[in-house]
1. Can you spot a residue in the range 113-135 that is assigned to a loop (DSSP other than H, G, I, E, B) and either more than 19 Å from Ile253 (Cα to Cα) or modelled with pLDDT of 80 or more (or both)?
2. Six or more apart or on different chains, Cβ under 6 Å: which pairs go from a residue in the range 57-72 that's closer than 18 Å to Leu125 by Cα to one that's among the small types (Gly, Ala, Ser) and surrounded by 23 or more Cβ atoms within 10 Å (Cβ to Cβ)? Could you list them?
3. Identify, please: which residue in the range 82-106 is under 14 Å from the mean Cα position of the chain (by Cα) and at pLDDT 80 or above and is, among those, surrounded by the fewest Cβ atoms within 10 Å (Cβ to Cβ)?
4. With the range 10-81 as the region, which helices (runs of 4 or more DSSP H) entirely inside it contain at least 2 residues that are surrounded by fewer than 16 Cβ atoms within 10 Å (Cβ to Cβ) and assigned by TED's automatic domain parsing to the domain that holds Arg120?
5. Looking at the range 155-163, can you tell me whether even one residue there is at pLDDT 80 or above, of a type in the set (Asp, Glu) and outside any helix (DSSP H, G or I)?
6. Scan the range 204-246 for residues that are modelled with pLDDT of 80 or more and either out of contact with any Gly (no Cβ under 9 Å at 6 or more places or on another chain) or surrounded by fewer than 16 Cβ atoms within 10 Å (Cβ to Cβ) (or both) and report the count.
Amino acid sequence: MDNYTLNEHNTRLLVVEDDIELASLVQEFLSKNGYEVDVISNGLEAVDFILNEQPDLVLLDIMLPGMSGIDVCKTVRTQFNNPILMLTSLDEDMDQMLGLELGADDYVIKPVKPRLLLSRIKALLRRSVVNQTQLESMNTSRSNVTDGQSGSQSNALEIDLSKRSITYKGALISFTTAEYDLLKMLIDSAGEIISRDEVVQNLRGFEYDGLDRSIDRRISRLRKKLNDDSINPRVIKTIRGKGYLLCAPIKVIGNKLDD
């Protein structure tokens, strides 16, 4: 067990769902499991609530009046770092992946299986607690790592496996679960080219069809967060016709020895 615990009784969830009966059932089930649960049925109202109230997790339906769940996710993501769990009846991969590409952390397909929903929520909240605790700790007590040159911050990409945190040039970077998993895969194969097929197979569980560009979009978001120049990248290179290459020096701490 890790050193981080989650008290459900102090945890506030938001359910954004326009199916009143389903929303009521989900609210009742989650409340019985110790969570404080708010329900909103309109996408526009959800945006205001999320930004103003900052719930610990949002369970977000895709098909909503006022604003779609995908647009809600896209709108709030730059100002809301807590988990977003998409809820959809659209059993189509593109809709699910589009939600993840815009910043959602996971998705559940209707009809909802209560125990599966609960396990997904607990996993996302647990991960969020670890990330937030690490962020606060590093912001208040972490000294800058130097690369041997006086006063210079390290250019190494540092990953702490036990806390799922990533630091670059002395700054802790905030990633979604999907972004972290991709960067972790690149770090595991640092110095080697990883093909799109390998990435898709490992992260999504099926073979690359030659058309899907969701991984490319995720790579683009990683570069943006790392301030990596897409023309002359210093962290992640795209090798035309082959795949991706992590070219920055790395430091691994936590469950592995430092490089």
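1. Yes, the range 113-135 contains at least one residue that is assigned to a loop (DSSP other than H, G, I, E, B) and either more than 19 Å from Ile253 (Cα to Cα) or modelled with pLDDT of 80 or more (or both).
2. What qualifies is Leu60/Gly69.
3. Of everything passing the filter in the range 82-106, Asp106 is surrounded by the fewest Cβ atoms within 10 Å (Cβ to Cβ).
4. 20-32, 43-53
5. Step one: of the range 155-163, the residues at pLDDT 80 or above are 157-160.
Within this subset, residues satisfying the condition of being of a type in the set (Asp, Glu) are 158, 160.
Adding the requirement that they be outside any helix (DSSP H, G or I) leaves 158, 160.
The answer is yes; a qualifying residue exists.
6. Taking the range 204-246 first, the residues modelled with pLDDT of 80 or more are 218-228, 233-239, 242-246.
Subsequent filtering for residues that are either out of contact with any Gly (no Cβ under 9 Å at 6 or more places or on another chain) or surrounded by fewer than 16 Cβ atoms within 10 Å (Cβ to Cβ) (or both) retains 218-220, 222-228, 233-239, 242-244.
Number satisfying all stated conditions: 20.
The values are calculated or read from the model by the stated rules, or taken from the named source; none is laboratory data. Predicted model only: the values in this text are computed from it and were never measured. Counting neighbours? That spans all protein chains shown, and the Cβs are built from the backbone with ideal geometry, glycine included.
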